[in-house]
Amino acid sequence: MRAAAQRAGREPASVRLVVVTKAHPLEVAQAAVMAGAKRLGENYVEEAIEKMRGLDRSGFDHSGVEWHMIGHVQSRKARLVASESFKLVHSLDRLKLARRLNRFAETSGRRLPVLLECNVSGEESKFGWPAWQEDQWEHLLAPVEEVLSLPHLEVRGLMTVPPFLPAEQVRPFFRRLRRLRDFLAARFPHADWSELSMGMSADFETAIEEGATLIRVGTAILGPRPQR
């Protein structure tokens, strides 16, 4: 991470690591924290809650650890996501979900920090706001403006999951997300667009070179996920 940031002329401290503990047992999450992990990322809300509760019951000191929701959020799970102790939701991918998260965050008496997940590749298997055609970005302005108006959501930036390709071949997708961030920042300068969540085990160095502020790494740190 440090080397990639320095190659791009960036301060290494401008990039933070989210250790993805998805599918790993509680013991692995605890070991990651003991090794210095400060941010843990989960894809499934129930699994995340189980680990949060498990660490609470264990008596293990995990003060200062942030939990990040990085996976697709089903509408029926919005209440759980908004009411739990997630520091950041990376995967706000549609207006309906934004409205539900806002409503449940209000009930919980909090403002929920979120990133807008954007599909910059056009892959049908990917979730996210449709952003692969740059000449169509104007169509994103109305829904993004509505999200920004929701009083119990706090937009912090953008997130993407690129195609599964060699690192150098995903560089154009990271660049597209950065350009989209700049496009939105120019039109909504009052909002916070400081975060770019992009880059995983196979391509995080490329993502950092292209401006990532959050990288989501699991396998390269914890090894292959156990088979369910």
| Residue among VAL161, VAL147 that is among the β-branched types (Val, Ile, Thr), touching a strand residue (DSSP E or B) at 6+ places or on another chain (Cβ under 8 Å) and in a loop (DSSP other than H, G, I, E, B) | VAL161
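Yes/no per residue for (1) at pLDDT below 95; (2) within 19 Å of the chain's Cα centre (by Cα); (3) in a helix (DSSP H, G or I):
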{"site": "GLU123", "(1), (2), (3)": "no, yes, no"}
{"site": "TRP132", "(1), (2), (3)": "no, yes, no"}
{"site": "GLN136", "(1), (2), (3)": "no, no, yes"}
{"site": "GLY157", "(1), (2), (3)": "no, yes, no"}
{"site": "GLU168", "(1), (2), (3)": "yes, no, yes"}
{"site": "ASP182", "(1), (2), (3)": "no, yes, yes"}
| said: What's the total number of residues in region 1-25 that are surrounded by fewer than 18 Cβ atoms within 10 Å (Cβ to Cβ) and touching a Lys or Arg at 6+ places or on another chain (Cβ under 6 Å)? | reply: 2
| Here are some residues: LEU88, LEU80, LEU116, LEU140. Which one is touching a residue at least 24 places away in the same chain (Cβ under 8 Å), part of a helix (DSSP H, G or I), of a type outside the set (Phe, Trp, Tyr) and under 19 Å from MET159 (Cα atoms)? | LEU140
| task | May I ask you to list the residues in region 92-145 that are among the small types (Gly, Ala, Ser) and closer than 14 Å to LEU177 by Cα? | result | SER121, GLY122, GLY128, ALA131
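Take the residues in region 170-180 that are touching a residue at least 40 places away in the same chain (Cβ under 8 Å) and either assigned to a loop (DSSP other than H, G, I, E, B) or of a type outside the set (Phe, Trp, Tyr) (or both), then tell me which one is nearest to HIS139 (Cα to Cα). Quick ask: steps written out before the conclusion?
Our first condition is that a residue be touching a residue at least 40 places away in the same chain (Cβ under 8 Å); within region 170-180, this holds for 173, 176-177, 179-180.
The next check asks that each one be either assigned to a loop (DSSP other than H, G, I, E, B) or of a type outside the set (Phe, Trp, Tyr) (or both); those that pass are 176-177, 179-180.
Working: ARG176: 16, LEU177: 16, ARG179: 16, LEU180: 12 Å.
Going through the qualifying residues, I end up with LEU180.
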| query | If you go through region 102-112 one residue at a time, do you hit one that is over 16 Å from PRO151 (Cβ atoms), modelled with pLDDT of 95 or more and not small (Gly, Ala, Ser)? | reply | no
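The values are calculated or read from the model by the stated rules, or taken from the named source; none is laboratory data. For clarity, every value in this text was computed on a predicted model and none was experimentally measured. FYI the Cβ positions are ideal-geometry reconstructions off the backbone, even for glycines, and counts take in every protein chain you see.
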